[in-house]
Each structure stands twice: as C-alpha cells, then as structure tokens.
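To keep things clear, I will list the structure first and then write my remarks on it.
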Amino acid sequence: MSVPTDWIPARSFTPDRLSGLICRGLGTVAPTAARRYLDAVIRARVSRAREEPSAGGPPVSILGGFELNIGVARAAQILRAGLEASGVPVHPMDCSPVLRPIAGPAQPRAAAPASGTMVFCVNPPQMVPLLSHFGPRICRGKRLVGYWWWELDRIPRAWLPWAALMDEIWVSSRFVHDTFSRGLPGKKTVRYVPLPVPEPVASSLGRVDFGLPEQPFTVLAPFDLSSHWARKNPMGAIAAFRRAFPSANEAQLVLKVSGADQHPAHVERLRGLTAEMPNVRIIDRNLPPRDLAALVRCTDVLLSLHRAEGFGLFIAEAMWLGTAIVATGWSGVMDMLDPDNALLVAFDKVPVQPAEYASVPPGAQWAEPDIGHAADCLRRLANDAGLRARLRTKARERAERQFSLDRFRAVVADLLPR
C-alpha cells in the first residue's frame, strides 16, 4: 500500500556524529551509562520533533504489539478495537519485534500520519528500542499519550523524564491512576480509560482435550513467567491448593504457564515444587486464544494469589466465561471484583524486596495473601455448587456492565480534542 506524501516515513535511528561517538565509547566501558545516554539522546530528539504544539485529535496512531499474546500487547489490541468500534480513525503501528523476537522475515515499518494523536502502548523501558525502530521523527506534529501499565504503588524514577514528554497518561485501572497521580509531579493529566474487554470466544475443547480428568473439582492458576515470578506468586497458589485438598483425589490444579520458552528455569522449578502432587497438571505450551478461553471455561475456579496486578486480564475474561474467581483482594483487580462476584483473599501489606521485583521504587509495598484464607475459599467453592453458580452469575453481570462498548464510547468522547 502506498504511503501518502504528507505522512512521516519510519526509519531506524542510531545516534551519529558526536552523540554516536559518545554512545559507542560508553557502550564499551559502561553499558549502563550508554543506555542512559541513548535514552537522553532520543528524548531530546522527540522534544526537537515536537517544537510546534499539536492540538491532537484523530487520527489516532497506536503503537503496540499487535502480533503478540502478552498482556501489554493484548491491551493495545483491545484499545484499538474499542476505538475503531467507536468510530475513531485509527492507524495501527505494530511494534511486536521490539517487544519479543518474532520468527520469519522482517516486516516493513509502518509510516505515521503527519498529525493527530500518538498512543504508546508500551512502558517507558521500551520507549528507546521502540523509537530506535521507528525513529523519533514519527512524533512530529502529534499529541503524545503514554498508555502505561504498572503494578506497584510507587512508580520508578526512571519513568519521570518520559512522563514529562507525554501530553497525557492513560491507564486502565483506578489503582494505577492513583499511583500515577501521586507519583507524577506538576499537573500531568492522568486519565482513567477502562478497557472494553470483549467476551472471549471459546473453542469446543473440553477437559479431556487438555489431558484432564472430567470429574474432580478443578482449579486453574494462570500466569506469565515474563511478568515477575514473585508478583504472580505461583508458589502461593500451589500452597493454598495443597492445604485445601490434602488428598490427591479431592481436586486437581492446572498451572497454565505462559513465557515458558523465555524462562525454562522457572518451569523446572514449578515441576520440582509439584513433583509429588499427582493432581497437578502443568500446561506450558502456547494455546490459541479460543483454546485458552475453552480451558478457562471448563475449570471450576480461577485462582490468582497475585501480590499486585495493574489490571488482571485473565480475571476479566474469566468473568465473561462463567468461571468462579478466588483472588487477592488488592490492586487493579478491585476495579471489577467485589464480595458479590468473587471470593476475595485477605492479605497483609508488606515491603517489596529488590530481589523480588526489578527496579523496585523505594517505599513500594504489595500484598502478601493469606494462604490459609485462600485454602478456606477453595474448600467453600468445592463444597457449594450454589455459591459457585451465584458468583458466576454476578461476575458475568458485572462484565457486561464494566466492559461494555457503550461505557467505553462515553469515555472516548472526552479523550480526543475536537
């Protein structure tokens, strides 16, 4: 497809002349300093490209991982679909190769419109590789928006310079909104933009197709190993299940693991932790979205003993699919969960240790779920089919309200300058 002559072609960026010499020199002796210097160079180029203020408005260029099945990429895909369904002209710019290695020939870089709004559906640590891929000049003539995700109650200091370049920050939960509103200096606009999570379409697969026995009460604990082991807390899920069902024939636990190819040592750790538990099944292969939805649908309860969540996309989809939910009652999931539609696990707030989370901001805390209470919740659900049915019904009703396109369209009406 030909590119209109007034659009901005994308091209890779590397520092040249003196800045290039400095960057290469630092890269030899001090790689961390080289990364910080490149970060500063690209931010300066973005500022230079935006010397003329922009009114924003449509079209909306969305930079996201449209070929990937990871949380931040799924969010970009849902945002794009919601804006298109709201009648907003959208120009997608795929940055999947920036976020994850992709097999096959390299795809051409998408050009950018000469005006409008540019939404970065990647967090600040990915901004340098992204703008090295497309070039800082794509920001020329745009209103810039960071559509960012975070899970802790403090934001990293390294994010502040990138926040200063954005005209607005959009977030998808009140928890992240509160965190950013506290942490960003000045009068930076932070908007709560709830995701219009669509109802998943499940394939016809059932338990047998996943190698699971049909009868036992079945608990599903899904998590992505790329999203921090300690934050997702699979050890907590295993401990709660073991305490709730000491006999192997009472129930079965399914650990759905994403990112196994990136973190094989963590997969082996899981296998070691469950080696003497014959009622635990680890599914570490990638599943198509329809089959993943079928797996969620055919289990009795989704268990999430997270220590922190920015949003909780798996939980949102389980609400649509009619799977009862047991989850830590803290952070971003509280946008959609309440005591009427889920069993919320009690917790204590504890400091986040540097070994548990990379680049943890000073003073950050998260939830330490009560394993005994989580086990009690699982036993209650296993013994009370009526409770499971009530939770499923309430969760489905909440999903229909919370994720409706009508609600999203009402938000979109105030997002873009006319």
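Every number in this text was worked out from the coordinates using simple rules, so none of it is lab data. Just so it is clear, the structure is predicted and the values come from calculations on it, not from any experiment. For neighbour counting, all protein chains shown are included, and Cβ atoms are generated from backbone atoms with ideal geometry for every residue, glycine included.
Taking a threshold of 24 Å on the Cα-Cα distance, which of the pairs LYS349/LYS394; LYS142/LYS188; LYS256/LYS349 fall above it? Walk me through the numbers on the way to the answer.
Values: LYS349/LYS394 28 Å; LYS142/LYS188 17 Å; LYS256/LYS349 27 Å.
Over 24 Å Cα-Cα: LYS349/LYS394; LYS256/LYS349.
Compute a Gaussian network model of the chain, connecting alpha carbons closer than 10 Å, and tell me which residue from THR328, THR218, THR28 fluctuates the most.
Largest GNM mean-square fluctuation: THR28.
Using 1/(1 + (r/R0)^6) with R0 = 51 angstrom and r between the beta carbons of ARG174 and ARG24, what's the FRET efficiency to the nearest 0.05?
FRET efficiency, ARG174 to ARG24: 0.70.
Which whole-Hz couplings ³J(HN,Hα) result when phi for each residue of the range 337-350 is put into the Karplus expression 6.51 cos²θ - 1.76 cosθ + 1.60, θ = phi - 60°, listed in order with x for Gly and Pro?
Calculated HN-Hα couplings, in order: 9, 8, x, 7, 10, 7, 9, 9, 7, 5, 7, 10, 7, 9 Hz.
Taking only Cα atoms and a 10 Å spring cutoff, compute GNM fluctuations for the chain and point out the largest among SER331, SER54, SER19.
SER19
What share of the DSSP beta bridges in the chain is antiparallel, in percent to the nearest 5?
Percentage antiparallel, nearest 5: 10.
In whole angstrom, how far apart do the alpha carbon centroids of the range 44-77 and the range 223-276 sit?
Spelled out, the Cα-based centre of one part sits 35 Å from the other.
In percent, what relative contact order does the range 223-364 have, based on Cα pairs under 8 Å that are 6 or more apart in sequence?
The value is 22 percent.
Could you work out how far helix 17-29 tilts from the main Cα principal axis of the chain, as a 0 to 90 degree angle to the nearest 10?
That helix lies at roughly 40 degrees to the long axis.
Please list, ordered by chain and number, the residues whose modelled amide H lies under 5 Å from the amide H of ASP224; skip anything fewer than 5 residues away on the same chain.
Here the answer is SER258, since their amide H atoms fall under 5 Å of that of ASP224.
Could you list which residues have their amide H under 5 Å from that of GLU309, counting only those 5 or more apart in sequence or on another chain, with H placed in the peptide plane?
GLY332, VAL333
Select from the range 1-97 those GluC sites (Glu not before Pro) which occupy a DSSP coil region and have at most 13 other Cβ atoms within 10 Å, ordered by residue number.
Qualifying residues, ordered by number: GLU51.
Amide H neighbours of VAL345 under 5 Å, at least 5 residues apart or on other chains, H built in the peptide plane: list them.
Counting only residues 5 or more places away or on other chains, the set is ALA327, THR328, GLY329.
If one puts a single equal scatterer on every Cα of the range 308-418 and applies the Debye formula without solvent, what log₁₀ I(q)/I(0) results at q = 0.17 Å⁻¹?
Rounded to two decimals, the profile gives -0.89.
So if we plug the beta-carbon distance of GLU84 and SER226 into 1/(1 + (r/R0)^6) with R0 = 35 Å, what FRET efficiency do we get, rounded to 0.05?
That gives a FRET efficiency of 0.80.
Taking Cα centroids, how far is the range 303-327 from the range 339-413 in Å?
That distance is 6 Å.
For LYS187, give me every one of the lysines with a C-alpha distance below 16 angstrom, ignoring sequence neighbours fewer than eight places off in its own chain.
Those lysines meeting the cut-off do not exist here.
Counting pairs of Cα atoms in the range 207-402, how many percent are more than 28 Å apart?
20 percent
Between LYS187 and ASP384, what length comes free when the chain is fully extended (0.36 nm per residue of separation minus the Cα-Cα distance, one decimal in nm)?
Full extension of this stretch gives 65.9 nm more.
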